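Below is one structure, written out as structure tokens; the observations come after it.
The values are calculated or read from the model by the stated rules, or taken from the named source; none is laboratory data. These numbers come from a predicted model, not from an experiment. Cβ: placed from backbone, ideal geometry, glycine included. Neighbour counts: every protein chain shown.
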Amino acid sequence: MAFADHMEEATAPMEGHSFPHPISTHVIAKPQPLRAALLQWYAGVHEDRGMPWRKPYNASFGPAERAQRAYEVWISEIMLQQTQVATVIPYYNKWIAKFPTIRDLAAADIDTVNSLWKGLGYYSRAARLLAGAKKAVEEFGGRLPDNAESMEAKIPGIGRYSAGAICSIAYNQCVPVVSLYPSLTRVLALHAQPKAKQTSNVLWAAATAMVEGSDKPGDLNQAMIEVGSTVCKVRDPSCSSCPIRPHCRGYQLSTTEKASETAEVPDIEELCTLCESLPHLKGSSSLVTAFPMKAERKKAREELDLVNVVEWRHGDQRWFLLVRRPEGGLLAGLTEFPTSPNASKNISPSESQTVSHTLLSQLLKPRLAPLSNTRRKDPEGGTDLRIIQIKSAGDVVHVFSHIKKTYRVQWIILEGGGDSPPELNLNAPNIVGAQKKAGARTGKPKSSKKSEASTGELPMATWTLLEQVAEANITTGVQKVWRLARTLWDSKSDSE
């Protein structure tokens, strides 16, 4: 029995009940009508949102021109991951102006890449773009591979989705993209665990059936993405204006009214065992929003980090200590203030000060006087490096996708140690050497090679002038920390 016929005899399911249906419900056996509806609609809307990377496929392009299009699509696809189009457009334009070709990107360094990425979040994406560009130049003659299988296998950060999007759009290859999740699950009326392998298999099989044999696979994939972005939205789908509504099995299910008892039950061999029960939304278009099945979200783990905004003063000069995070893991390669991660939630102020003193004693080469020695002036005229103030600035909460971070901020002022910012301890275990940059001071002679070399797992450390801190490659969370710390001295200056 055809799905539409079956729907005429079925009602919207009762709560906790899913009508029996054949597994063929979730198969696109005749993709031509759906394909034609998508392409006709897309032809009229593809320019509406002004995306600079969205260009028609040009069959006259040679290999070099197609490779350039692949590079442009690649950048846009990675930027668009978990980020809205309106946000991405200015970032994309700046990126292409700075790195117009993949070779330009490959020649860059992570600091430059991260500076362009600042504000987009998920910084590992930027690092993988740089790594992928370098690999393309070193191993593929400065071009991305021209097929999805090799692209996914060989280029860091390119998965099945991105490879399908790039190769269908730039190379006109008939490779699938499981586009924005709700639209395809609604077309298939698939109400199954979203992270289950069987669910993924059904979706990829449907996407493959839809694109195979198409003359315009890139347009077709983009059309499905555009429907999901602008019409078939997660919470508020515009079913009345949807170009594929006649082909949407989820919508057909939401508009049936007859009793389910009259529905013909498929043979047990053909019965779908993947779908789970639907909510009770009888005869309501709201049932469409039941697709896809909502995944249980894991509660983000909570962590407390002690963040030290460390200032060294000499005369009118104010220098702040910044460190670079390791090249792997969360916020890889980005800059932050010296931080002690995963502190006890019940840590006391005195314990926080002790932890910070220990961290600074590792990072700084000159001997750091004990915490008890906080005299602003040394009566014996010594030059010992000492902490003259530790002041709490409060907490900053910053939520990542899987971690809820509380940054407990302390403003620490150092004095002494000479006329230059204290030298960094490049030889201590787990300390990474400081790298000289414009506006940064390491206290290490220019002839030293160690200032360029990594000697452990902790990030690179540098002294940076007050007015240049905000321009460093710091994340949104670190910017919050910096603004909070500044309130301590800014408010004091205002009051004076």
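With 494, 419 as the choices, which residue is modelled with pLDDT of 50 or more, within 26 Å of residue 315 (Cα to Cα) and surrounded by fewer than 14 Cβ atoms within 10 Å (Cβ to Cβ)? Before you say what the answer is, go through the steps one by one.
On the way: 494 fails: modelled with pLDDT of 50 or more.
Going through 494, 419 in turn, just one is modelled with pLDDT of 50 or more, within 26 Å of residue 315 (Cα to Cα) and surrounded by fewer than 14 Cβ atoms within 10 Å (Cβ to Cβ): 419.
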### Task
Name, by its number, the condition in (1) assigned to a helix (DSSP H, G or I); (2) surrounded by fewer than 19 Cβ atoms within 10 Å (Cβ to Cβ) that does not hold for residue 136.
(2)
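I'd like the residue in region 301-342 that is assigned to a loop (DSSP other than H, G, I, E, B), of a type in the set (A, V, I, L, M, F, W, C) and at pLDDT below 90 and, out of all such residues, is farthest from the chain's Cα centre (by Cα). Step through it out loud before you land on a result.
Filtering region 301-342 down to residues assigned to a loop (DSSP other than H, G, I, E, B) leaves 315-316, 325-334, 337-338, 341-342.
Next, from what is left, pick out any that are of a type in the set (A, V, I, L, M, F, W, C): 330-332, 334, 337.
Narrowing further to those that are at pLDDT below 90: 330-332, 334.
Values: 330: 11, 331: 10, 332: 12, 334: 14 Å.
Among residues in region 301-342 that are assigned to a loop (DSSP other than H, G, I, E, B), of a type in the set (A, V, I, L, M, F, W, C) and at pLDDT below 90, the one farthest from the chain's Cα centre (by Cα) is 334.
Here's a check for you: in region 224-253, which residue that is under 27 Å from the mean Cα position of the chain (by Cα) and assigned to a loop (DSSP other than H, G, I, E, B) is surrounded by the most Cβ atoms within 10 Å (Cβ to Cβ)? Before you say what the answer is, go through the steps one by one.
First pass over region 224-253, keeping only residues under 27 Å from the mean Cα position of the chain (by Cα): 224-237.
Those still in the list that are assigned to a loop (DSSP other than H, G, I, E, B) too: 231-237.
Numbers: 231: 19, 232: 31, 233: 15, 234: 14, 235: 6, 236: 7, 237: 25.
Ranking the candidates gives 232 first.
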### Message
Could you go through region 214-223 and let me know if any residue there is surrounded by fewer than 21 Cβ atoms within 10 Å (Cβ to Cβ), modelled with pLDDT under 95 and among the small types (Gly, Ala, Ser).
### Response
no
### Tally of residues being surrounded by 21 or more Cβ atoms within 10 Å (Cβ to Cβ) and under 18 Å from the mean Cα position of the chain (by Cα) across region 166-184
1
### Query
How about region 388-416: which of its residues are more than 18 Å from residue 485 (Cβ to Cβ), surrounded by 13 or more Cβ atoms within 10 Å (Cβ to Cβ) and among the small types (Gly, Ala, Ser)?
416
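Do we find that residue 260 is over 33 Å from the mean Cα position of the chain (by Cα), surrounded by 15 or more Cβ atoms within 10 Å (Cβ to Cβ) and at pLDDT below 90 in this structure? Full working, then the answer.
Numbers: over 33 Å from the mean Cα position of the chain (by Cα): yes; surrounded by 15 or more Cβ atoms within 10 Å (Cβ to Cβ): yes; at pLDDT below 90: yes.
When the stated conditions are applied, residue 260 passes them.
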